[in-house]
Structures are given as structure tokens and as C-alpha cells.
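Reading through the C-alpha cells given below for one structure.
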């Protein structure tokens, strides 16, 4: 029996490649999460645009707490089963009236998981509306698998690295805007084609993503990477096991985070993206 989602939502995920909105955090929890992100920005400068753009659930207890929120893991379990690893996460922050956008892409371009039983949970820390540049999905596009990266970059505000765009010119399905209120999440398949437009609103558009998969998956290529077991057990050993952060000021967090990011970036380069150092 599902723990968080209903049967209609689960069937919708299989058909369309996403489920949204999914309520996760209450008002107090999401306010605390936003405060943690902005405190990190104020004390560590461009952290979320450097090495901190990737896997920062290993660096900060507050991010690990977000990633392992029981409501979030219950929804993930309903879609991929009781054994859950977190592989990656990212902060997606668009400033008001900025030209930053995210071109059409697929998440598994960077991961190489095989088979692709991988999902992304996108958690809103501020209102994600059409005006603020919420995500847009192409429903059902996950069924076609991984696409060729053959579309050129358009404009200088792309938050993705060069060469990661997919061409949607032949798609006949209209994009769907994914409007979220703070504390809500959307969950999408890692093959789903998605992107977002610039923030023309008055508030920052802030979202945190977490990528989950079962331990049974393998990866394309030879580079071995790591993941953090957050529920259930790992009977396969396909990923090196990561360690949850101990406390904010623990030097071990930093070292383990940097080691995990290093292997992740080697994998992304192995899969053909040589510009990973700009944005993950």
C-alpha cells in the first residue's frame, strides 16, 4: 500500500513522467530551510556556484535533514521501492528580473544510471510560478529514453553547461508549467525533458533538488561513484557508500564532500560532458 501518494498519482508518474504537487514541508520547516540556504550564501559567498553546487547534503546537516524528510522519502518509496539511495543534489536559485534560465534537458545525461529507475525531487523554498520561472515538463517524454545532445545554447543566461541541451522541435506535446508553493515538491523521472524560463517576479525563485535511485542500478562507463543510503538496505554494492554529515563545523564533512564531488565529476566527464566545472 502506498505511503504518501495515491494510485492515481503513481499511475500518472508512469504515464507522464512526473507527479506534482506533493506537499512535504510545513510553513515553519520551509522557512527554516530557506534561512539555512541564505545563511550559507551569506557566510560562504558563491558556494552554490562552485563545488557546493553538487552533493551538499554531505556537507551540511540541514541539507541532509531535507533529503531525508520522512514525507519526502515516503513519496520516493512509492515510486522506486523501499531501498533508497541519494546520488546528487543541487540548488537552483534565480534572482528577480535576472536572465537566468534552464534549457531543455534530461537529468540522466549526467548520471549514466542503467536502467534509469532514477527520479528527481524538486522542492520549492519560494513560490515557483510562471512569472518566477517555474519548471516546465514535456509529459510522457521520459518514455523515449535518453536523447542526443544536439541543440545549441541560446543566450548567455543558461544555468546549464554548454552542450547539454536537447532538441524539442519535433515534439508535438505542449509543455506543462509546474507551479509550486513553498514546501511543495514535484517529482520527475530522470529521462523527462524539462527546463524553465527566467524569473520576472519580485522574489528569488529558490528550489533544491535531490536525486534518488534504488541500490540495484548500475552505471554506464568505468568510473565508480558514490551514493548515500537513506532508507532500506544495499544488497548490491554498485556504489561506494557515503557518510551523512556529523555537524556543521566538522572538517570531515568537507573532505568527504569534496571526494564524492570529485568522483561524480569524473563520471560526468566520462559520459561526455567536459564543461561540468561551470554548473552541474
Helix-only mean residue ellipticity at 222 nm for the chain, each DSSP H run of n ≥ 4 adding -39500 (n - 2.57), per residue, nearest 500
-7500 deg cm²/dmol
Quick one: check the C-alpha center-to-center distance for region 186-244 versus region 1-71, whole angstrom.
11 Å
When the Debye formula is applied to the Cα atoms of region 162-254, each taken as the same point scatterer, what base-10 log of I(q)/I(0) results at q = 0.14, 0.16 Å⁻¹?
-0.91, -1.08
Under the classification rounded if a/c is under 1.5, otherwise prolate if a/b is larger than b/c and oblate if not, where does region 209-272 fall, given a ≥ b ≥ c as square roots of the Cα gyration tensor eigenvalues?
oblate
When only Cα pairs under 8 Å and 6 or more residues apart are kept, what is the percent relative contact order across region 7-270?
32 percent
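How do 222, 38, 242 line up, fewest other C-beta atoms within 10 Å first?
222, 38, 242
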From largest to smallest, what semi-axes in whole angstrom does the chain give when each is the square root of 5 times an eigenvalue of its alpha carbon gyration tensor?
24, 22, 21
Give me the one-decimal Kirkwood hydrodynamic radius in Å for region 1-124, with the sum taken over alpha-carbon pairs.
16.3 Å
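Which of the peptides 113-126, 16-29 is most tightly packed, and how do the rest follow, going by the mean number of other Cβ atoms within 10 Å of each residue?
So the peptides 113-126, 16-29, ranked by packing, come out 113-126, 16-29.
Values quoted throughout were computed directly from the atomic coordinates according to the rules given, and no laboratory measurement underlies them. All values reported here derive from a predicted model rather than from experimental measurement. Every residue, glycine as well, gets a Cβ built from its backbone with ideal geometry; the counts of neighbours run over all protein chains shown.
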